[in-house]
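Report on one structure; see the data block that follows.
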Amino acid sequence: MNYNSELMRKLSDCFSPSGRENNIRELIINEIKGYADEINVDALGNLIVRKKGNGKKILFSAHMDQIGLIITHVDEKGFLRFSNVGGISAKEILGLRMIFDNGLEGVVCSEEIKDKEKITMNKLFLDVASTSKDFVKNNFKTGDMCVFKSEYYETDDCVICRAADDRIGCYILIEALKNHPSTDNDVYYVFSVQEEVGCRGAKTAAYQINPDLAIAVDVTDTGDTDNGTKMDVKLGEGAAIKIMDKYIITHPEIKNLLTDLAIEKNIKYQYEVLEHGGTDAGPIHLSREGVPSGAISIPTRNIHTSGEIFSKSDVLECIKLVIEVIKK
Amino acid sequence: MFLKELTELSGVSGNEYEVRNYIKNKLKEIGCEFYVDKLGNVIAHNKGKKNKKIMVAAHMDEVGLIVSHIDSDGFIKFQAVGGIDQRVLNSKVVTIGENKINGVIGSKAVHLMKGEEREKSIPIDKLYIDIGTDSKSETEKLVNIGDYVTFKSDYVEFGEDLIKAKALDDRAGCSALLELLSMKLDADFYGVFTVMEEVGCRGAQTAAYSLDPDFSIVLEGTVSADMPEIKDHSKVTSIGKGAAISLMDSSTLYDINEVRKVERIAVENNIPYQLRKSSAGGNDAGPIHKTKDGSKVVAISVPCRYIHSSVNVASINDYNSVVQLAKLVILDNQKGE
């Protein structure tokens, strides 16, 4: 299997911040239509794709949403005030270009500040580059969202793009579905909504499906920089099997299942202990009477910025591992 | 409108019985079917034309205090219940427990405070309630550990259309919901008066689980920030500018299509409205939309100045806009395709 740049470019370019996942949902539906037994969209907007079987019910989850900004106030001069949707820090976005669903853009500017370290969201605004009151009034409304403007770029072995978190997880599930192995297992591919604001979609999806086991597929941090996070995950060192994050301690059976499969099938893997953050596996493992759950993570640098970096070979290892779980 | 009666009742989270009893009596008068669930939520059913299952929620509880210790001189120490505005506690008149014992919140006199102390608000552990006794045993005859403490604050009308009261968050919602239930609309909905919102929306969680609604409307009292020193873009809501429709808060991303639909209904019917310009705070919508397999929810609120203090200020016109808008949203959702 090769890495499919075109598919990942489309997924990354697609505008879909939390709560506004309609574009990415359409894109994924079009991509997987011929491969699924059932396709459902639930009340919150989760896309639930099923490959039927009589065996174990397995849930895989990757989230469709990306972080962004929501407009809270539009003034007459064309300055837009905003609040963050998901984990965006005021300190890191000054000067960045943002883009709306309609293709219009703005740049993040700040009021005069003495200490850049103390910058907060309410000192920032978007300048949408127009002196026309009508243009501003007709095109921007309180409640609109925007996301980083960022172009997909790749080298031989790595990719820089926005929203690798978690479009690369979506990519992995799409590829796994297209290569769905023959199995008795009843497999649900969940493309979830609103992960970035607290894994909300996964909670309701897990309730509906009531699975026997669940695996989230999402990005994780790396410990690659000298003075960065002390963490044993490295870019290019294979699929990361989650041991623990803030919201889950991986069920020992799941950890063993993933590790044994990786060893047996010669899949490059590493263990991940993430100090901060969590994934859809958090709410899923607490659903109903509890669900043995874990996560397969894609090592990623610069998470929650306009340029997230991952390795193509890690992605391929993750796909292999997902397919082996489906077979098991 | 039941604002005067409702705001003068005591109902700190976990201790909502006065409010619940009042609401139960009103529902009997209206002739509306209801039951009370295990956590104390009142669940009323307005029967009518039905297209989907609708839940309309307002919380009965308010922020307040709870007695935690009685000291040797008979002074009462307390803890906060819910996100109370601690800056304003000092020198407030309160009532304690079922017997409504009067007390005042006191602290060291300003004369005895050192320079820096005078600049800061007094932390809760430096405050106490004085009920006019002078020994532990005397206080213990009147007050028990665990008694709830409520602000004493009358309902007052002033200005053009303003009211001042305590607990408008969320007796405004309760009053609006009672009005909606008394209209006998030919549109099916469950009116849920929830408990324990201020300590984490706990009642709404179990109520939504048992009702499993398709669509919900949360009626709230929400933050108004229309004070002189606040810039336009930071004014979350302003009183007098109509019903506040939520876009996002810390617990919910409101479905944008539903929000725009509510806006459209407001515009078409000339109901003043504003969009809530903040992503902070949270309400019963959070647990409701995430319950079971999930559902859609909107929040329509009465803007309240000085929220979570003993003196909330709101506009009667805004309140009426909330009632009218909620009514039309219910009717619109049940009108059928």
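The values are calculated or read from the model by the stated rules, or taken from the named source; none is laboratory data. Just so we're clear, the structure is a prediction, and the values are computed from it rather than from any experiment. Please note: Cβ atoms are built from the backbone with ideal geometry, for glycine as well, and neighbour counts cover all protein chains shown.
Could you say whether any residue in segment A:62-71 is at pLDDT below 95, touching a strand residue (DSSP E or B) at 6+ places or on another chain (Cβ under 8 Å), in a loop (DSSP other than H, G, I, E, B) and not basic (Lys, Arg)? Within segment A:62-71, not a single residue is at pLDDT below 95, touching a strand residue (DSSP E or B) at 6+ places or on another chain (Cβ under 8 Å), in a loop (DSSP other than H, G, I, E, B) and not basic (Lys, Arg). The lone criterion from (1) outside any loop (DSSP other than H, G, I, E, B); (2) more than 11 Å from chain A (Cβ to nearest Cβ); (3) of a type outside the set (Gly, Ala, Ser) left unmet by B:Tyr209 is number (2). For segment B:42-62, does any single residue satisfy the condition of being touching a residue at least 40 places away in the same chain (Cβ under 8 Å), polar (S, T, N, Q) and within 30 Å of B:Asp134 (Cβ to Cβ)? No, segment B:42-62 contains no residue that is touching a residue at least 40 places away in the same chain (Cβ under 8 Å), polar (S, T, N, Q) and within 30 Å of B:Asp134 (Cβ to Cβ). Exactly one residue out of B:Asp226, B:Asp284, B:Asp255, B:Asp188 is in contact with a His (Cβ under 9 Å, 6 or more places away or on another chain) and farther than 25 Å from A:Arg200 by Cβ: that is B:Asp188. Sub-9 Å Cβ pairs linking a first residue in segment A:189-206 that is within 8 Å of chain B (Cβ to nearest Cβ) and assigned to a strand (DSSP E or B) to a second residue that is buried (at least 24 other Cβ atoms within 10 Å of the Cβ) and modelled with pLDDT under 95, at least 6 apart or interchain, number zero.
Conditions (1) over 21 Å from the mean Cα position of the chain (by Cα); (2) within 11 Å of chain B (Cβ to nearest Cβ); (3) in a loop (DSSP other than H, G, I, E, B); (4) charged (D, E, K, R), marked per residue:
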| site | (1), (2), (3), (4) |
| --- | --- |
| A:Leu94 | yes, no, yes, no |
| A:Gly103 | yes, no, yes, no |
| A:Asn138 | yes, no, no, no |
| A:Ile160 | no, no, no, no |
| A:Gly169 | no, no, no, no |
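Of all residues in segment A:72-89, those that are more than 7 Å from chain B (Cβ to nearest Cβ) and under 18 Å from B:Ser278 (Cβ atoms) have Cβ atoms under 7 Å from Cβ atoms of residues that are assigned to a strand (DSSP E or B) and of a type in the set (Phe, Trp, Tyr), 6 or more apart or on another chain, in A:Phe79/A:Phe125; A:Leu80/A:Phe125.
Of everything in segment B:50-75 that is surrounded by fewer than 24 Cβ atoms within 10 Å (Cβ to Cβ) and of a type in the set (D, E, K, R), the residue that is nearest to the chain's Cα centre (by Cα) is B:Lys53. Applying the set (1) among the aliphatic types (A, V, I, L, M); (2) farther than 30 Å from B:Val323 by Cβ; (3) at pLDDT 95 or above to B:Met113 leaves exactly one unmet item: (3).
Per the listing B:Met196, B:Met183, the residue uniquely in contact with a strand residue (DSSP E or B) (Cβ under 9 Å, 6 or more places away or on another chain), on the phi > 0 side of the Ramachandran plot and at pLDDT 95 or above is B:Met196. Considering segment A:207-230, the residues that are among the acidic types (Asp, Glu) and in a loop (DSSP other than H, G, I, E, B) include one that is surrounded by the fewest Cβ atoms within 10 Å (Cβ to Cβ), namely A:Asp226. Scanning segment B:213-234 for residues that are buried (at least 24 other Cβ atoms within 10 Å of the Cβ), in a loop (DSSP other than H, G, I, E, B) and more than 11 Å from chain A (Cβ to nearest Cβ) returns a single hit, B:Ser224.
Condition check for A:Arg20 on (1) charged (D, E, K, R); (2) outside any strand (DSSP E or B); (3) more than 14 Å from chain B (Cβ to nearest Cβ): one failure, at (3).
Residues are listed down the side, and each one gets a yes or a no for (1) more than 17 Å from the chain's Cα centre (by Cα); (2) away from chain B (no Cβ under 14 Å); (3) farther than 13 Å from A:Asp65 by Cα:
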{"residue": "A:Asp166", "(1), (2), (3)": "no, yes, no"}
{"residue": "A:Leu173", "(1), (2), (3)": "no, yes, yes"}
{"residue": "A:Asn179", "(1), (2), (3)": "yes, yes, yes"}
{"residue": "A:Asp184", "(1), (2), (3)": "yes, yes, yes"}
{"residue": "A:Val187", "(1), (2), (3)": "yes, yes, yes"}
{"residue": "A:Asp226", "(1), (2), (3)": "yes, yes, yes"}
{"residue": "A:Thr229", "(1), (2), (3)": "yes, yes, yes"}
{"residue": "A:Glu237", "(1), (2), (3)": "yes, yes, yes"}
{"residue": "A:Lys242", "(1), (2), (3)": "no, yes, yes"}
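Flag not set for A:Ile241, criterion: within 28 Å of A:Val85 (Cβ to Cβ) and in a strand (DSSP E or B). Taking A:Ala43 as the residue in question, decide whether it is at the interface with chain B (Cβ under 9 Å from one of its Cβ atoms) and either of a type outside the set (A, V, I, L, M) or not in a helix (DSSP H, G or I) (or both). It is true that A:Ala43 is at the interface with chain B (Cβ under 9 Å from one of its Cβ atoms) and either of a type outside the set (A, V, I, L, M) or not in a helix (DSSP H, G or I) (or both).
B:Ile84 - would you say it is assigned to a loop (DSSP other than H, G, I, E, B), hydrophobic (A, V, I, L, M, F, W, C), touching a residue at least 12 places away in the same chain (Cβ under 8 Å) and more than 30 Å from B:Gly294 (Cα to Cα)? Considered against the rule, which asks whether it is assigned to a loop (DSSP other than H, G, I, E, B), hydrophobic (A, V, I, L, M, F, W, C), touching a residue at least 12 places away in the same chain (Cβ under 8 Å) and more than 30 Å from B:Gly294 (Cα to Cα), B:Ile84 comes out as yes. Screening the candidates A:Val49, A:Val41 for the property of being surrounded by 17 or more Cβ atoms within 10 Å (Cβ to Cβ), of a type outside the set (Asp, Glu) and touching a helix residue (DSSP H, G or I) at 6+ places or on another chain (Cβ under 9 Å) yields one hit, A:Val49.
Selection of segment B:276-294 for residues being crowded, with 22+ Cβ neighbours inside 10 Å and not small (Gly, Ala, Ser) yields B:Arg276, B:Lys277, B:Asn283, B:Asp284, B:Pro287, B:Ile288, B:His289, B:Lys290, B:Thr291. Residues in segment B:258-275 that are of a type in the set (Val, Ile, Thr) and part of a helix (DSSP H, G or I) were compared, and the one that is farthest from the other protein chains (Cβ to nearest Cβ) is B:Ile265.
Residues in segment B:246-257 that are part of a strand (DSSP E or B) and either more than 9 Å from chain A (Cβ to nearest Cβ) or not hydrophobic (A, V, I, L, M, F, W, C) (or both): B:Ser246 only.
When residues in segment A:113-130 are screened for being assigned to a loop (DSSP other than H, G, I, E, B) and either surrounded by 14 or more Cβ atoms within 10 Å (Cβ to Cβ) or within 14 Å of chain B (Cβ to nearest Cβ) (or both), 4 of them pass.
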